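Let me begin by presenting the structure, written as structure tokens, before commenting on it.
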């Protein structure tokens, strides 16, 4: 599968021939992942029964004991040396966050998550000073620092605001996602979301509209409507619909956006015309 960014979402294209194929009727490939050595691993369930309702749970043909694990490597290309993670110092774990392998970075954050929060946050704040907020090549490292804070549930508003202004749109989108979950512990979260809803990147705007669904009232609805000033796509339209549906019952009376530059469709307006009692908003998952 070849995946590329398309608008506010991702687009996948199936590549031929397939990476793995089999004429075994019981071949059940699942759970593909890249291992710490850089090889591709996947499981073969290898079971003649794959249905959950078509066969009895105690059907004797269900095989609970066998399966296969495959490893795919590139001939002639050396494998990576697996990074040491368990028991490493906080400084060494932070250094691993600068690497290109997502699996290594994830396992490093898991290990950091088991360490003392005070010691980790102090080390992260020291480590992050070496990176330039204006350099594109440093944006992922700054984002990793933000994610470590989130992992430890330690709000760092200056760092959050810094990444929200990142020159890398994917970093800004990820920062909006973090803002959503820190919304009750940072200053003026809706103003930050309003700015994100006007971001030139559709991915950032999508995250802003989604985050608005976690609030109540007309100000959050205004954030969602800000996104209509720009071109939309399938994903933005879907999230806008679900967010306005979640917010409509918390708006008093008929909601009309303050400064619409692009008129919403009649169906969009009708979705916001409920004037029911204020209640906790439904969230977009």
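A few comments on the model shown:
- Criterion: surrounded by 11 or more Cβ atoms within 10 Å (Cβ to Cβ) and part of a loop (DSSP other than H, G, I, E, B) - qualifying residue of 105, 62, 58, 71: 62
- The condition (being within 28 Å of the chain's Cα centre (by Cα) and either in a loop (DSSP other than H, G, I, E, B) or at pLDDT below 90 (or both)) is satisfied by just one residue among 10, 19: 19.
- Residue within segment 136-151 that is touching a helix residue (DSSP H, G or I) at 6+ places or on another chain (Cβ under 8 Å), closer than 22 Å to residue 112 by Cβ, at pLDDT 95 or above and not in a helix (DSSP H, G or I) present: no
- Single residue of 94, 79 found to be closer than 24 Å to residue 36 by Cα and buried (at least 17 other Cβ atoms within 10 Å of the Cβ): 94
- Single residue of 112, 93 found to be on the phi < 0 side of the Ramachandran plot, under 21 Å from the mean Cα position of the chain (by Cα) and assigned by TED's automatic domain parsing to the domain that holds residue 168: 112
- Residues in segment 182-209 that are assigned to a helix (DSSP H, G or I) and out of contact with any helix residue (DSSP H, G or I) (no Cβ under 7 Å at 6 or more places or on another chain) were compared, and the one that is surrounded by the most Cβ atoms within 10 Å (Cβ to Cβ) is 195.
- Residue tally, condition part of a loop (DSSP other than H, G, I, E, B) and either in contact with a helix residue (DSSP H, G or I) (Cβ under 7 Å, 6 or more places away or on another chain) or surrounded by 14 or more Cβ atoms within 10 Å (Cβ to Cβ) (or both), over segment 22-48: 11
- Segment 1-23: number of residues that are closer than 24 Å to residue 74 by Cβ and free of Cβ contacts under 8 Å to residues at least 40 places away in the same chain: 13
- Residue within segment 240-252 that is loosely packed, with under 15 Cβ neighbours inside 10 Å, more than 21 Å from residue 179 (Cβ to Cβ) and at pLDDT below 95 present: yes
The values are calculated or read from the model by the stated rules, or taken from the named source; none is laboratory data. Quantities reported herein were computed from a predicted structural model and do not represent experimental measurements. Here the Cβ is made from the backbone with ideal geometry for all residues, glycine too, and neighbour counts use every protein chain on show.
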